[in-house]
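Structure first, then comments.
The values are calculated or read from the model by the stated rules, or taken from the named source; none is laboratory data. Quantities reported herein were computed from a predicted structural model and do not represent experimental measurements. So basically every Cβ, Gly included, is an ideal-geometry build from the backbone, and we count neighbours across all protein chains shown. Each accessible area value is taken on the protein alone, full model and side chains, heavy atoms only, with ligands, DNA and RNA left out. Shrake-Rupley method; radii C 1.70, N 1.55, O 1.52, S 1.80 Å.
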Amino acid sequence: MENCATDSRTETAIFAGGCFWCMEPVFDKMPGVLSVLPGYTGGTTPNPSYREVCEGETGHVEAVEIVFDPAQVSYRELLQVFWRNIDPTTKNRQFCDYGSQYQTAVFYLNEQQKREAEESREEAQRENRLGAAVVTEIRPAAEFYPAEEYHRQYYKKEPYHYQRYHDGCGRNWRLKELWGRETE
């Protein structure tokens, strides 16, 4: 797949970290990140809707597409933030969300991203405090379908609801258990 970058000075990363609402803010605040777009990827249904993805029949996962300036932030740094904001030891689940649409994955756009993703997965395996097997997949990028407008920047549009969801899922507790500290 071609690099989906917007111009020659930017690059793109695609990560599936469970609920895309919770992945947006951690990348949005990073210097050098130009945009974070929630969406769906990895499945077979063209132009899926949120409802279709939630039903678990499309093969798609919730993901974020990140456009970044590699002069300000590296792909490796994005990977480090990704791992520390997911539970890579569970399959088809992230925190309180269950189903294949919530599995974690790194979707690489070129061989360098693949190599860095595989190396970072090995680091996550060594560094997670539980010693549990890391099951996050490293997969070639597939068509990325942007989520519906109401999902974009949800944490800003609906801060109260977002924070209740984020906190209620036990996300911070599990991340602290895995990595030794809360991350957001």
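Quick rundown of the values:
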| read-out | value |
| --- | --- |
| Identity of the residue in the range 4-63, among the charged types (D, E, K, R), assigned to a loop (DSSP other than H, G, I, E, B) and farther than 23 Å from LYS157 by Cα, that ends up least open to solvent (accessible area, probe 1.4 Å) | ASP7 |
| Those residues of the range 68-80 which are in contact (Cβ under 8 Å) with a residue 60 or more places away in the chain and open to solvent by 10 Å² or more (accessible area, probe 1.4 Å), in sequence order | ASP69, PRO70, ALA71, TYR75 |
| Hits in the range 145-184 (condition: of a type in the set (S, T, N, Q) and touching a residue at least 24 places away in the same chain (Cβ under 8 Å)) | GLN153, THR183 |
| Residue satisfying all of: in the range 143-174; at pLDDT below 95 and among the hydrophobic types (A, V, I, L, M, F, W, C); surrounded by the fewest Cβ atoms within 10 Å (Cβ to Cβ) among these | TRP173 |
| Qualifying strands (runs of 3 or more DSSP E) (wholly inside the range 72-184; at least 3 residues being touching a Gly at 6+ places or on another chain (Cβ under 8 Å) and closer than 16 Å to PHE15 by Cβ) | 104-108, 144-146 |
